[in-house]
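Trainee: Take a look at this one; I'll ask things after.
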Amino acid sequence: MIITALTISVTAVLVLVMGRRNAKKRRSGTLPRRALIDYTAGEMLFELGRTYETGLGSIDGLKAVDLYLEKKKSLYPAESLLNDTELILRAGAFTGTVLRHAKHYRWKFKDDIPLMHKKGTTVYPFELIKQKINDSLNSVYEYCKDL
């Protein structure tokens, strides 16, 4: 029991320290691209978790992304959202991470463009977010659930 408590305490401290270190690297632009994707997906998970409670780690979590983007679209013009690289990075990283866990896709980079790949199928999660914002895609969730 003491070992378990000690392990939990050490893990919490490590997560806190590494989180601050990664945040500093992210701000300075020195965070490796894969770590940047994981970090920003975590930021989006945290942001979505404040409003949308269920299924964020599953493919159903993409319903929250759709609702989140719809809310943003009701507040800001599409051009403004398409220029918001932070929004696209967070939502796209979260979408890709959900595909990685729920549908067993893998991150790949082609000419420094992040994409998800699985057995001949390629998905560009950041492009899905842009398409959702400019209304050429009805739902990120509907698109991804049938992959």
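The values are calculated or read from the model by the stated rules, or taken from the named source; none is laboratory data. Treat the numbers as computed from the prediction; the structure is a model and nothing was measured. Backbone-built Cβ (ideal geometry, glycine too); neighbour counts: all protein chains shown. Each accessible area value is taken on the protein alone, full model and side chains, heavy atoms only, with ligands, DNA and RNA left out. Shrake-Rupley method; radii C 1.70, N 1.55, O 1.52, S 1.80 Å.
Trainee: Among the helices (runs of 4 or more DSSP H) confined wholly to the range 1-115, which include 2 or more residues that are modelled with pLDDT of 90 or more and open to solvent by 40 Å² or more (accessible area, probe 1.4 Å)?
Mentor: Filter on the range 1-115 gives 61-75, 78-82, 85-102.
Trainee: Residues that are within 21 Å of Leu36 (Cα to Cα), open to solvent by less than 90 Å² (accessible area, probe 1.4 Å), out of contact with any Cys (no Cβ under 8 Å at 6 or more places or on another chain) and not β-branched (Val, Ile, Thr): does the range 128-144 have at least one?
Mentor: Yes, there is a match, as at least one residue in the range 128-144 is within 21 Å of Leu36 (Cα to Cα), open to solvent by less than 90 Å² (accessible area, probe 1.4 Å), out of contact with any Cys (no Cβ under 8 Å at 6 or more places or on another chain) and not β-branched (Val, Ile, Thr).
Trainee: Then there's this: Scan the range 124-147 for residues that are basic (Lys, Arg) and at pLDDT 95 or above and jot them down.
Mentor: Lys130, Lys132
Trainee: If a residue has to be under 17 Å from Leu128 (Cβ atoms) and not β-branched (Val, Ile, Thr) to count, how many in the range 59-85 make the cut?
Mentor: The qualifying residues number 16.
Trainee: Looking at the range 91-127, which of the residues that are in contact with a Lys or Arg (Cβ under 9 Å, 6 or more places away or on another chain) and charged (D, E, K, R) is farthest from Pro32 (Cα to Cα)?
Mentor: Ranking the qualifying residues of the range 91-127, first place goes to Lys103.
Trainee: Restricting to the range 73-86, name every residue that is in contact with a helix residue (DSSP H, G or I) (Cβ under 6 Å, 6 or more places away or on another chain) and not small (Gly, Ala, Ser).
Mentor: Scanning the range 73-86 gives Leu81, Leu82.
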